[in-house]
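Remarks on the structure that follows.
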Amino acid sequence: MPTGLAQMATQGKEEPVKELQKAVAEQVFRLLTAGTDLQGRLSFWGQPLLRDDELTDWHQRLAALKTFLESLQPYNTVGKLKNLRVTQADVDTQKRNLEVLAQVERLPDLVADLGTTAAYLSQAEMILPNGHPWIEQANAVRRQVLDDVGARLRATPTAPVPSPASRLLQLKKDYIAAYVASHAKARLGVSEDKTKSALRKDPRLVTLRALAAISLMPTGQLTTFEDKLDELKSCAALIDSELAASPVCPHGNFRPANEQREMLPAANVLKGLDDELDDLLTAWQQTLLDNLDDPITQANFDLLQAGQRDQIQGFLAKRTLPDSVTPGFISAVQEALSGLEKISVSADDIKQALLSGGSPAAPDELRRRFENFLNDRCKGKDTSKLRFVVE
């Protein structure tokens, strides 16, 4: 306040008293507002801005300042003001308390300046998988930024302390680049999506679906193949600028951390599925040939109708499936294989049987465990007519 007001007060004028009380009321209001800010704005990017001892000190200083200001409120007349016994030392004691008040008042602007970007980055950390290089980068930048924010918070109002905003913005840019790279790797583009659609209608897959009606076929392999094909998702619409407001693709909600399959390039997986389809068809064709060549099966040929027998024998002669696997061909194969019984086992069934009794195990012990597994599955059945299918 202007020092000349004190001289006016000694002259019996009321204006200095009014100005003093007005100033006291303003400072008390600042304190009440600061107390609210101190309670609600003490964290940044999920971390506390003040140590416990600092927080305790700030609370004590604000309380001391409030007590001092309230002690001035009774001096509301010229007569009372003449009895004021506050010394220069008493006022000087409050300087540090006033600095703390100013620091608290900077909290809203400080958090508002950086909080939006920090909130974005907090979400981003949950989207990329653990172990991603950007996560490590974010942890390092967080430590640096928290140090910078703490320095700004503790500095006097006039001290020049650089803003850490540039670190946050660069980290956000790096996240967008990392996300876009993961998105391009995990999602099919326009051309790959067309290839996927074509693969769904591929004659080889159509043939396998038809053959799946034969009870002896390992249909679990076909189910697994189609599941892997379905897991390949397409998204060619994402552009970098869309990630400025939200860290997730707005078209497909791609979240790398939630991906169930290994993050292999989707285009490579698609190419692998095309090759796998060839292998599946070849394996199923050979399964049919092996079982139709079996003497037990061939004993059933005489029971087939002439047309059915011709289809089976034509297949055995050419050693390759017809271009179009018709319902008649499927029916003929089913009839021919009707004397055989399918026993489905999974890789886990076999693994569990071999591990029964512990590991490691000697070769003879493993052989015994596997024989016990087979004997248990074959119990009470004609083993010559059993066919094991590993799904």
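Structure summary
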read-out	value
Under Karplus coefficients 6.51, -1.76 and 1.60, residue-wise ³J(HN,Hα) of region 178-194 in Hz, glycine/proline x	5, 5, 4, 5, 5, 4, 5, 6, 8, 10, 7, x, 4, 5, 5, 5, 5
Fully extended contour minus Cα-Cα distance, from residue 1 to residue 228, at 0.36 nm per residue	74.1 nm
For region 301-314, 3J(HN,Hα) per residue [Karplus equation, 6.51 cos²θ - 1.76 cosθ + 1.60, θ = phi - 60°, Hz, x = Gly/Pro]	4, 5, 7, 7, 5, 4, x, 5, 4, 4, 5, 5, 5, x
Vicinal HN-Hα couplings computed from phi for region 325-334 (Karplus, 6.51 cos²θ - 1.76 cosθ + 1.60; Hz; Gly/Pro x)	7, 8, x, x, 5, 4, 4, 5, 5, 4
Mean Cα-pair separation over length for region 112-212, i.e. relative contact order, pairs under 8 Å, 6 or more apart, %	29 percent
Net lengthening on full extension, residue 347/residue 25 (0.36 nm per residue, minus Cα-Cα)	107.9 nm
Whole-number percent relative contact order across region 192-323, with pairs defined as alpha carbons under 8 Å at least 6 apart	24 percent
Distant-in-sequence amide H partners of residue 49 (H built 1.01 Å from N, under 5 Å)	43, 44
Cβ-Cβ FRET estimate between residue 251 and residue 126, R0 fixed at 22 Å, reported to 0.05	0.70
Whole-Å distance, taken between Cα centres, linking region 48-100 and region 312-359	90 Å
Computed label-point distance, nm, for sites residue 174 and residue 136 using a 7 Å Cα→Cβ extension	1.1 nm
Lys/Arg +1, Asp/Glu -1 at C-beta; region 245-358 dipole; positive extreme among 317, 246, 273	246
Protein accessible area in the chain, 1.4 Å probe - carbon and sulfur %	53 percent
Computed FRET value (nearest 0.05) for residue 63 with residue 84, which takes r as the C-beta separation and R₀ as 25 Å	0.70
Net dipole in debye of region 285-388 [+1 Lys, Arg Cβ; -1 Asp, Glu Cβ; about Cα centre; nearest 20]	180 debye
Segment residue 112-residue 382, length gained on full extension (0.36 nm per residue, minus Cα span)	89.3 nm
Inter-centroid distance (Cα atoms) of region 104-130 relative to region 244-284, Å	32 Å
Electrostatic dipole magnitude of region 188-325 [Cβ: Lys, Arg +1; Asp, Glu -1; Cα centre; debye, to 20]	280 debye
Region 204-306: GluC sites (Glu not before Pro) falling in loop per DSSP and having at most 12 other Cβ within 10 Å	262
Computed over the chain: relative contact order in percent, which uses C-alpha pairs under 8 Å that are six or more apart	14 percent
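The values are calculated or read from the model by the stated rules, or taken from the named source; none is laboratory data. Just so we're clear, the structure is a prediction, and the values are computed from it rather than from any experiment. Backbone-built Cβ (ideal geometry, glycine too); neighbour counts: all protein chains shown. Accessible surface is based on the protein model in full, side chains and every heavy atom, while ligands, DNA and RNA are left aside. Shrake-Rupley method; radii C 1.70, N 1.55, O 1.52, S 1.80 Å.
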